[in-house]
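Here the structure comes first, spelled out in structure tokens, and everything after it is commentary.
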Amino acid sequence: MTRAVTVDDAARSEPPALCPVVAGVAALNLGHFGIEIAVALAIGSMALIADSLDFLEGAVTNLLIFAGLSWSARNRARLGTAMAFVLLVPALAAAHAAYEKVADFGAPAALPLTLTGLGTLAVNLTRALMLTRHRAGFGSLTRAAYLSARNDAFASPAIAAAGAATVRDPTPWPDLVVSAGIAILNADSAVDIFRAAADERRAAR
């Protein structure tokens, strides 16, 4: 009973500060998704396709969080579980993109891949910094938003490194390896969010 009260108190205090943050992060996600998917399709990069889908997932996640901040702890836990499934979408998309790339086996253009990875890193660091203060303050919902931003922040230098490696050796393998890494990172984060949502459900009883 005491723990449930603590969760409710956090729910009352967190949303006013969190609402503009998740709205701003959603806008960043959506804007950069458009840029990254355009570059990915132009140069044939599976890593950028996977990462751009991660940005789209991040936009959806933050918009749903924005809508769910005023919900009860029980309903937030249900939404957190749904967010875990949403986070799996880029992982599955990355796996499919990697399969298609193996069949094609063409190397992406190295310089656009490197520059896009560096630009994406700047966007991701901004998102992660915006969400860091709230990552543990509102249960599974903010956990989902923070992990989405953190995953992209890890992926960006890997994408840039894949571009640099492709400059030296024009092979699709660096792009494929990064694409697989993005998929694994998202799957691991989905498990983490499932656990946070389960804790919320227990606290709401």
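Per 0.36 nm of contour for each residue apart, how much would the distance between Cys19 and Leu118 grow if the chain were fully extended, relative to their Cα-Cα spacing?
32.8 nm
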Contour excess over end-to-end distance, with Cα ends at Arg168 and Ile184 and 0.36 nm allotted per residue:
3.1 nm
Length gained if Leu92 through Thr132 is fully extended, taking 0.36 nm per residue and subtracting the Cα-Cα distance, is 11.7 nm
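Readers should treat all values here as calculations from the given coordinates under stated rules, not as data from a laboratory. As the structure is a computational prediction, the values presented were derived from the model and not from experiment.
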